[in-house]
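Asker: If you scroll down you'll find the structure; I have some questions about it.
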Amino acid sequence: MAQKNRPGATRKKKGPVVGSGGQRRKGLEGRGPTPKAEDRVYHKAYKAKQAVARKQQNLHRRPSRTGAGPIKEDLVTGRNAVLEALRAGVPAKTLFVATKIEMDDRVKDILQLCAEAQVPTLEASRGELDRLSADAIHQGVVLQVPPYDYQDADELAASLMADRGEDSRPPLLIAADGITDPRNLGAIIRSVSAFAGDGVILPERRSAGVTATAWKTSSGAAARVPVAKATNLTRTLENCKKQGYFVVGLDGGGDVDLPQLELATEPLVVVVGSEGKGLSRLVTEHCDAIVSIPIESAMESLNASMAVGITLYEIARRRASA
């Protein structure tokens, strides 16, 4: 007698069963768009993205026990740059030196200058210096420079006019209309110091500041020449004119040649424009005269700091002969 319901005795029907169509269709569907390379954990782009993220995280770590944490103040990095900055009289706050640094004449001079100026010197590991300088080439030395203490432009102009005596020379200010290169700014400050100028005015925005680069280029003149900031340069020029200043702008297409500048012996604000665009329209409208420097036709224009130096020399010459 045959056994019924014996395991394996029932033949299964081949082919699709009821309800299998949906499963088949689902299996044929795609898996969506291919993820970006940087989102695929096995791809080298993903590893590079993670490395950048770790680097950014390191920049925001808390300061280490050496004090060489991220610093928002201006930094001078590299042996030559640090040595030049110290020789130029840049006001230094702290010197960071790599542990077990290889000594050469530059490092010895840096340490000696810091000792003479009583600048604190701290040791830090190479990794800490990398984080401190945002991976700049530091060669084992990083100099921390404090922020420059700017004066108020309106107050500076008013004080110069108020302190003017009957026999004293008229005040002379340079206003930089959008100078963005700190080397140009440093050279301008140096010229102001060389030709007895009284200060430099910078707009609050879209302008270079007195950074370590400007300090170095000024050859220490930034310690003698006050630099002031104006919230609104055109408004400051208006206030200067109300106080008795004359405002002259420097431009290659000016209507007055520098040797014929009769206003040279008056209280003056000389405005120099940016390296590329020159004087802005609003500043030009507030000038009493637009002055040009006679040059050979083959030369289109002069560097901003060079134009300031030539102008200040001519003003100083005319005042001396007045």
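Asker: Explain nothing, just compute: Karplus ³J(HN,Hα) = 6.51 cos²θ - 1.76 cosθ + 1.60, θ = phi - 60°, for every residue of the range 198-212 in order, whole Hz, x for Gly and Pro.
Answerer: Result, ordered by residue: 9, x, 10, 10, 10, x, 5, 10, 6, 8, 5, x, 7, 8, 4 Hz.
Asker: Here's a follow-up. Step through the residues of the range 305-322 one at a time and calculate ³J(HN,Hα) from phi using the Karplus curve (6.51 cos²θ - 1.76 cosθ + 1.60, θ = phi - 60°), rounding each to whole Hz and writing x for Gly and Pro.
Answerer: So the Karplus estimates, Gly and Pro as x, are 5, 5, 4, 5, x, 5, 5, 5, 5, 5, 5, 4, 5, 5, 5, 5, 8, 6 Hz.
Asker: I want to verify the translational diffusion coefficient of the range 151-321 in µm²/s; compute it with Stokes-Einstein, Rh as the Kirkwood radius over Cα pairs, at 20 °C and 1.002 mPa s.
Answerer: Using the Kirkwood radius from Cα pairs, D works out to 136 µm²/s.
Asker: Counting only other residues whose beta carbon sits under 14 Å from that of residue 109, what net charge do I get with K and R as +1, D and E as -1?
Answerer: Neighbour charge sum, excluding residue 109 itself: 0.
Asker: Scan around residue 122 for amide H atoms under 5 Å from its own, H built in the peptide plane at 1.01 Å from N, and keep only partners 5 or more places away or cross-chain.
Answerer: 95, 96, 97
Asker: Could you order peptides 146-159, 250-263 by the average number of other Cβ atoms within 10 Å of their residues, highest first?
Answerer: Top of the packing list down: 146-159, 250-263.
Asker: May I pose another question? Can you give me the Cα centroid spacing of the range 283-322 and the range 101-140 in angstrom?
Answerer: One Cα centre to the other: 42 Å.
Asker: Amide H to amide H under 5 Å from residue 180: which residues, 5+ apart in sequence or cross-chain, H placed 1.01 Å off N in plane?
Answerer: 208, 275
Asker: Can you work out the Karplus-derived ³J(HN,Hα) for every residue in the range 115-121? Use 6.51 cos²θ - 1.76 cosθ + 1.60 with θ = phi - 60°, whole Hz, and x for glycine or proline.
Answerer: 5, 5, 8, 6, 8, x, 10
Asker: Hey, another quick one. With a 10 Å radius around each residue's Cβ, average the other Cβ atoms per peptide and rank 75-81, 185-191, 268-274, highest first.
Answerer: For the peptides 75-81, 185-191, 268-274, the packing ranking is 185-191, 268-274, 75-81.
Asker: What list do you get for 240, 287 if you sort them by fewest beta carbons within 10 Å?
Answerer: So the ranking, lowest neighbour count to highest, is 287, 240.
Asker: Also: Along the charge dipole of the range 151-321, which of 292, 237, 207 sits closest to the positive end, that is, farthest toward it, with unit charges on the beta carbon of Lys, Arg, Asp and Glu (+1, +1, -1, -1)?
Answerer: Farthest along the dipole direction, towards plus: 207.
Asker: Here's something else I'd like to know. Name the aspartates and glutamates eligible as straight-distance cross-link partners of residue 241: C-alpha to C-alpha under 15 Å, and not fewer than 8 places from it in the same chain.
Answerer: Residue 241 reaches 154, 155, 266, 285, 288.
Asker: Give the long-range amide H neighbours of residue 279: residues separated by 5 or more places, or on another chain, with amide H under 5 Å away, using H modelled in the peptide plane at 1.01 Å from N.
Answerer: Under 5 Å from the amide H of residue 279: 273, 274.
Each value in this text was obtained by applying a stated rule to the coordinates, not by laboratory testing. All figures in this text were calculated on a predicted structure; none of them were measured in a lab. Here Cβ is always computed from backbone atoms with ideal geometry, including for glycine, and neighbour counts include all displayed protein chains.
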